[in-house]
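Q: Questions regarding the structure given below will be posed in turn.
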Amino acid sequence: MTQGITREMIQEKITRFLAQVQKPGRYIGNEWNAVHKDWDAAEVRIALAFPDVYEVGMSHLGMRLLYEVVNRQAEYIAERVFAPWTDMEQRMRAERIPLFSLESGQPLGNFDLIGFSLQYEMSFSNLLNMLDLAGIPLDAAARGPEDPWIIAGGPCAYNPEPLAPFIDFFLLGESEEQLLQVLALVAEHKKKPLLREDFLREAAQLPGVYVPEFYQVTYKTDGRIDKIERKVAGIPAQVQKAIVKDFDAAAFPERPVVPYVEIIHDRMTLEVMRGCLRGCRFCQAGMIYRPVRERSPETLLKQTEALLQATGYQEVSLTSLSSGDYSCIQPLIGEILDHYQAQGVNVSLPSLRLDSFGVRLAEQVQKVRKAGLTFAPEAGSQRLRNVINKGVREDHLMEAAEAAFRAGWSRIKLYFMIGLPTETWEDLDGIVSLAQRVADLGTRCGRRNITVTVSASSFVPKSHTPFQWEPQDRRESLREKQQYLRDKLRDRRIKYSYHDVPTSFLEAVLAKGDRRLAEVLRAAQRHGCRFDGWSEHFDEARWLLSFQEAGVDPEFYAYRRKDYDEVLPWEHISCGIHKDFFVTEHRRALQETLTPDCRGGTCSGCGVCNALAVDIDLKG
Ligand code: SF4
């Protein structure tokens, strides 16, 4: 596809039809704060690739962070590329235009590296499609020295196996420092080229770098994994994630690109802390981003000032996995509002604690416009909330809801999951009665036009969690439960939404899959699977055909309960937490026993602090 085509030719070609595709602003670059550097003067050039559409990728803090971290280095160039929407892709294929970057318009084949961000299993088909559109061989083994290194990172890299044949090496953990080490190695390599294997050996010495071709996987006759063994010496048996230890001093994107097209999270973003220690047993993020590290309010105020000057945005979002747990949250909000509210700047809190403190915080930030409040009880009964270690009680929820209604809110969203381990019909009845009680409470508080939205997603067991051995609930059972809730949630004040079952099924297969799924992904890309996270594009039939062609039974991955001693596809990948901790937590789940947040004072032995030689303040 790319041979002999220059960026000028690409620009000339797309200008002819750009007005006919949806949102041309996705493809033109030149946004405010976009970085344009001298291509020829750069030592190393990396394309930061997000396998989803511009509006989603541009909202991702990790992309913004790495873009700025790399471009702050004079000798390196980082440029952005997103998955072109289907209409644009059709045009590009018809005109034989290879995928190109936004800043320089260079074909991706001209970069030294292409780094993919893996945030969601449903974007895997887009990754393969972007390589194909760039004219780059899908298989690492088929790529030569003239091809870019294809690397990937993000939460889905904690089970990298379904993508193993396509990626040269994965970056596990936090990449702010790690990626610069990789670029330095590539710069060395360009000066004194090494053989492919020798370069990859060097890369495998860097923290959190996993080179899949250096590990061999063998299988038992019943399909389970027999062994995962190293094929070369001098590489770790288990690859440990990389983390940023001094988070307060860590790099931060102070000059994010301000898009012309409205994006999903179109505002300033402050990352107040990283990690969460609440220990919800279904939550992969709560495990892989440990330990908790906070930024100081002083640092965050400086970052707010820098962001405001650089972007002109009117809203700052205080993000983390549980911002209500940030130890200085209330004074920080107070400071930001004192400094900037007069300039029309608002503060938003994406994740709220499910208690009256959470509502007081919400009141502080939503003084004027009371949008809606979202609480995540996750399960309908106390028994099941103990199973998943969601340490909130029903009276917490009712207290928070009352505080919200009395404070002027009329719309409350409640997040639940169905298909959780040990779930019973009584637990589903619990969802109905909780929603009903919240609606009735609103009426008693004198609120009018009450809307209680029940959003029920399907549980997807993930790697590196206490539920990694659990099967997903069968599709027919999930559909039956969705119907059960639909029949029961009849109150006109209650709205009900749920996730598409086939999409959640595929997500579970990919989240718990092994290298044999690579052939399914290859077939899926060939059959035109794209944007599988978008209901208007997800095509179950094409995926089932791809499984068939690859001779892989998806139910083997989604529906099979695993024993603790079974070799897991991600056995050689570590997020710093002991496997024993996951076993203990799984057993405590089945005993419906809570494990308190270690910030309360008692270490529950996950092992991450020792593994990563970090001390956290247990008195938090
Ligand atoms: S090792 Fe202990 S103190 Fe550290 S994060 Fe894990 S449970 Fe908490």
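Q: Of the residues that sit in the stretch 586-600 and are touching a residue at least 24 places away in the same chain (Cβ under 8 Å), more than 10 Å from the ligand (Cβ to nearest atom) and part of a helix (DSSP H, G or I), which one is surrounded by the most Cβ atoms within 10 Å (Cβ to Cβ)?
A: Taking the candidates together, the pick is A589.
Q: Still on this structure, please answer the following. Do we have any residue at all in the stretch 558-567 that's crowded, with 18+ Cβ neighbours inside 10 Å and in a helix (DSSP H, G or I)?
A: The answer is yes, given that some residue of the stretch 558-567 is crowded, with 18+ Cβ neighbours inside 10 Å and in a helix (DSSP H, G or I).
Q: Restricting the search to the stretch 280-315, which residues are open to solvent by less than 10 Å² (accessible area, probe 1.4 Å) and of a type in the set (A, V, I, L, M)?
A: M287, I288, L300, L307, A310
Q: Would you check if there is a residue in the stretch 268-288 being in a loop (DSSP other than H, G, I, E, B), within 19 Å of K579 (Cβ to Cβ), among the charged types (D, E, K, R) and modelled with pLDDT of 95 or more?
A: Within the stretch 268-288 (the criterion being in a loop (DSSP other than H, G, I, E, B), within 19 Å of K579 (Cβ to Cβ), among the charged types (D, E, K, R) and modelled with pLDDT of 95 or more), the answer is yes, since at least one residue qualifies.
Q: Scan the stretch 96-114 and report the pairs whose first residue is at positive phi and whose second residue is open to solvent by less than 10 Å² (accessible area, probe 1.4 Å), with Cβ atoms within less than 7 Å and a gap of 6+ or a chain change.
A: Close Cβ pairs (under 7 Å, with a partner that is open to solvent by less than 10 Å² (accessible area, probe 1.4 Å)) amount to G105/I10.
Q: Of the conditions (1) closer than 25 Å to F82 by Cβ; (2) touching a helix residue (DSSP H, G or I) at 6+ places or on another chain (Cβ under 6 Å); (3) not in a loop (DSSP other than H, G, I, E, B), P256 satisfies every one except a single condition; which number is it?
A: P256 satisfies all of (1) closer than 25 Å to F82 by Cβ; (2) touching a helix residue (DSSP H, G or I) at 6+ places or on another chain (Cβ under 6 Å); (3) not in a loop (DSSP other than H, G, I, E, B) except (3).
Q: Something else now. Which residues, taken from the stretch 164-183, are over 17 Å from L48 (Cβ atoms) and hydrophobic (A, V, I, L, M, F, W, C)?
A: Matches in the stretch 164-183: A164, F166, L172.
Q: Looking only at residues in the stretch 130-152 that are touching a Phe, Trp or Tyr at 6+ places or on another chain (Cβ under 9 Å) and in contact (Cβ under 8 Å) with a residue 40 or more places away in the chain, which one is most open to solvent (accessible area, probe 1.4 Å)?
A: L138
Q: Right, another one. When you check I264 against the structure, is it of a type outside the set (D, E), at pLDDT 95 or above and either out of contact with any Ser or Thr (no Cβ under 6 Å at 6 or more places or on another chain) or in a loop (DSSP other than H, G, I, E, B) (or both), yes or no?
A: No, not satisfied.
Q: If a residue must be acidic (D, E) and touching a helix residue (DSSP H, G or I) at 6+ places or on another chain (Cβ under 9 Å), how many such residues does the stretch 477-497 contain?
A: 1
Q: Same structure again: Here are some residues: Q205, Q216. Which one is open to solvent by 80 Å² or more (accessible area, probe 1.4 Å), among the polar types (S, T, N, Q), free of Cβ contacts under 8 Å to residues at least 60 places away in the same chain and over 21 Å from P569 (Cβ atoms)?
A: Exactly one residue qualifies, and that residue is Q205.
Q: Just one of C603, C575 is over 22 Å from the mean Cα position of the chain (by Cα) and within 16 Å of the ligand (Cβ to nearest atom); which is it?
A: The conditions single out C603.
Q: Let me confirm something: among T319, T299, which residue is in contact (Cβ under 8 Å) with a residue 60 or more places away in the chain, hydroxyl-bearing (S, T, Y), closer than 23 Å to V244 by Cα and away from the ligand (no atom under 16 Å from the Cβ)?
A: Going through T319, T299 in turn, the sole match is T319.
Q: Would you check if S546 is away from the ligand (no atom under 16 Å from the Cβ), modelled with pLDDT of 95 or more and hydroxyl-bearing (S, T, Y)?
A: yes
Q: Residues of the stretch 387-404 being out of contact with any strand residue (DSSP E or B) (no Cβ under 8 Å at 6 or more places or on another chain), assigned to a helix (DSSP H, G or I) and open to solvent by less than 30 Å² (accessible area, probe 1.4 Å), which ones?
A: If the condition is that a residue be out of contact with any strand residue (DSSP E or B) (no Cβ under 8 Å at 6 or more places or on another chain), assigned to a helix (DSSP H, G or I) and open to solvent by less than 30 Å² (accessible area, probe 1.4 Å), then V387, M398 are the ones that fit.
Q: Could you list all residues from the stretch 264-279 that are open to solvent by 10 Å² or more (accessible area, probe 1.4 Å) and either away from the ligand (no atom under 14 Å from the Cβ) or under 14 Å from H60 (Cα atoms) (or both)?
A: Across the stretch 264-279, the qualifying residues are I264, H265, D266, R267, T269, E271.
Q: Given the criteria farther than 20 Å from F166 by Cα and not in a loop (DSSP other than H, G, I, E, B), does V81 qualify?
A: no
The values are calculated or read from the model by the stated rules, or taken from the named source; none is laboratory data. Values in this document were obtained by computation on a predicted structure and should not be read as measured data. Neighbour counts are summed over all protein chains in view; Cβ atoms, including those assigned to glycine, are modelled from backbone coordinates with ideal geometry. Quick note on the areas: whole protein, heavy atoms, side chains included, nothing else; ligands and nucleic acids left out. Shrake-Rupley method; radii C 1.70, N 1.55, O 1.52, S 1.80 Å.
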